[in-house]
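Asker: One structure follows; several queries about it will come next.
The values are calculated or read from the model by the stated rules, or taken from the named source; none is laboratory data. The structure displayed is predicted, hence computed values, not measured ones. Neighbour counts are summed over all protein chains in view; Cβ atoms, including those assigned to glycine, are modelled from backbone coordinates with ideal geometry.
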Amino acid sequence: MAPSVAIVILNYNGRHHLEKFLPNVLKYSEGYPVWIADNASTDQSLSWLNTEYSSINILTSPENKGYAGGYNDALKRITADYYILLNSDIEVTEHWIAPVLSFMETDDKIAACQPKIRAYDLPTHFEYAGAAGGYMDYLGYPFCRGRIFDTREEDLGQFDDEKDVFWATGACLFVRANAFHRAGGFDETFFAHMEEIDLCWRLLNLQYRITYCGKSVVYHVGGGTLHKSNPRKTFLNYRNNLIMLFKNLPKGRRWKTVFIRLILDGISSVRFMATGAWPDVIAILRAHFAFYRMIPSLMKTTKRTSNRAPLYYRSIVWEYFVLGKHRFNQLTGIEFEKTTVPKS
């Protein structure tokens, strides 16, 4: 019997994205139910949906709980074998679902998978949030196959494979429902940003696999809720990264790694100062103090972890900014097991 699938689009004041991209989702997802989980929007998204798509499944929340809380609430109310968490600013393509599901069905230890993410504004290139699968170095800096820091590679077929990775993007995340709930879902203290990396890390520590399927392609606008230049996004990224490291690193490496990151964060704030981005400098300071306040509660709730997650044990900052390695295939010591290449 074919597995049941629910496509879940979290919406917060994204009517303009729904108007543009929802028709395409419905066109290329025939046979799969689509759910809109509304996070207390104030832009008439719901009234528009009720008028234009009166038969679509809609879940509402009385408050905006961000990506993490919004999806946690919605997925508690949806029964399916697989969830597809889809950003409202994603343009899907024909046959975008079948290859990923087919791959995930080969091994029940595959908890999550993402398709190839290309940039909507530059369709020949990979997109920032996910590209061809996510990785993270031992200091907590995330990067992707096809995207390291602000360098996005052109898609020349170099990542048309199926591969185990460290994290799969939350922009288009296929996740096995029982694994998601076993891991406890998203950590709602994150609100938004890096919660999918935290989830993938916890799933890896539960001995699941996180994967990428290059046979499926979608296009992502990015920055639909918070633009990358928004100080609120800077705050969330810096704070959440520290929380994630503290939670998931083995106890013996936790304090040393966090201390190094605090120093590196201070150095990065100097870069913001040089460009006059003082709101971002303030956001980094706020993020650090918010993290300090959370340490007592994190120490009480964080479980002991075993270091099963395949971190990249080199500094991606050093590799990129000092050694000039801007393309993924220039990195060494980053191979994962269980990589398959499609037959020609």
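Asker: Which members of the stretch 157-171 meet the condition of being part of a loop (DSSP other than H, G, I, E, B), in contact (Cβ under 8 Å) with a residue 40 or more places away in the chain and surrounded by fewer than 20 Cβ atoms within 10 Å (Cβ to Cβ)? Spell out the reasoning first.
Answerer: From the stretch 157-171, those part of a loop (DSSP other than H, G, I, E, B) are 157-161, 165-166, 168-171; that's our starting set.
Checking which are in contact (Cβ under 8 Å) with a residue 40 or more places away in the chain leaves us with 158-161, 165-166, 168-171.
If the condition is that a residue be part of a loop (DSSP other than H, G, I, E, B), in contact (Cβ under 8 Å) with a residue 40 or more places away in the chain and surrounded by fewer than 20 Cβ atoms within 10 Å (Cβ to Cβ), then Gln158, Asp160, Asp161 are the ones that fit.
Asker: Would you point out which residue out of Thr169, Thr211, Thr257, Thr189 is assigned by TED's automatic domain parsing to the domain that holds Gly69 and closer than 26 Å to Ile295 by Cα?
Answerer: Answer to the check: Thr189.
Asker: Suppose the filter is assigned to a helix (DSSP H, G or I), free of Cβ contacts under 8 Å to residues at least 60 places away in the same chain, closer than 26 Å to Arg176 by Cβ and of a type in the set (A, V, I, L, M); does Leu22 pass it?
Answerer: When the stated conditions are applied, Leu22 does not pass them.
Asker: Considering only the stretch 241-269, state which residues are buried (at least 21 other Cβ atoms within 10 Å of the Cβ), hydrophobic (A, V, I, L, M, F, W, C) and in a helix (DSSP H, G or I).
Answerer: Leu242, Ile243, Met244, Leu245
Asker: Right, Phe143: in contact (Cβ under 8 Å) with a residue 12 or more places away in the chain, closer than 19 Å to Phe321 by Cβ and either part of a strand (DSSP E or B) or not assigned by TED's automatic domain parsing to the domain that holds Glu91 (or both) or not?
Answerer: In short, yes.
Asker: Here's another thing I want to ask about it. Within the stretch 193-207, how many residues are buried (at least 23 other Cβ atoms within 10 Å of the Cβ) and either outside any helix (DSSP H, G or I) or assigned by TED's automatic domain parsing to the domain that holds Asn240 (or both)?
Answerer: Final tally of qualifying residues: 2.
Asker: So which residues in the stretch 20-47 are out of contact with any Ser or Thr (no Cβ under 6 Å at 6 or more places or on another chain), closer than 21 Å to Tyr71 by Cα and either charged (D, E, K, R) or outside the structural domain of Asn72 (by TED's automatic domain parsing) (or both), if there are any at all?
Answerer: Hit for the stretch 20-47 is Asp43, nothing else.
Asker: I would also like to ask the following. Could you tell me which residue of the stretch 115-140 is surrounded by the most Cβ atoms within 10 Å (Cβ to Cβ), considering only residues that are part of a loop (DSSP other than H, G, I, E, B) and without any contact (Cβ under 8 Å) to a residue 40 or more places away in the chain?
Answerer: Selected residue: Ala131.
Asker: Take Ser268 and tell me if it is more than 24 Å from the chain's Cα centre (by Cα) and over 17 Å from Met136 (Cα atoms).
Answerer: Criteria not met by Ser268.
Asker: Of all residues in the stretch 62-109 being outside any helix (DSSP H, G or I), of a type in the set (Val, Ile, Thr) and more than 16 Å from the chain's Cα centre (by Cα), which is surrounded by the fewest Cβ atoms within 10 Å (Cβ to Cβ)? Before you say what the answer is, go through the steps one by one.
Answerer: At the first step, the residues of the stretch 62-109 found to be outside any helix (DSSP H, G or I) are 62-65, 76-97, 105-109.
Keeping just the survivors that are of a type in the set (Val, Ile, Thr) gives 78-79, 84, 90, 92-93, 97, 106.
Within this subset, residues satisfying the condition of being more than 16 Å from the chain's Cα centre (by Cα) are 78-79, 92-93, 97, 106.
Details: Ile78: 16, Thr79: 9, Val92: 23, Thr93: 14, Ile97: 21, Thr106: 11.
Across the stretch 62-109, the extreme among qualifying residues is Thr79.
Asker: Checking Cys144 against (1) within 18 Å of Val317 (Cβ to Cβ); (2) in contact with a helix residue (DSSP H, G or I) (Cβ under 7 Å, 6 or more places away or on another chain); (3) hydrophobic (A, V, I, L, M, F, W, C), which single condition isn't satisfied?
Answerer: (2)
Asker: Check off (1) under 28 Å from Arg254 (Cα atoms); (2) aliphatic (A, V, I, L, M); (3) in a loop (DSSP other than H, G, I, E, B) for Ala112 and give me the number that stays unchecked.
Answerer: With respect to (1) under 28 Å from Arg254 (Cα atoms); (2) aliphatic (A, V, I, L, M); (3) in a loop (DSSP other than H, G, I, E, B), Ala112 is out only on (3).
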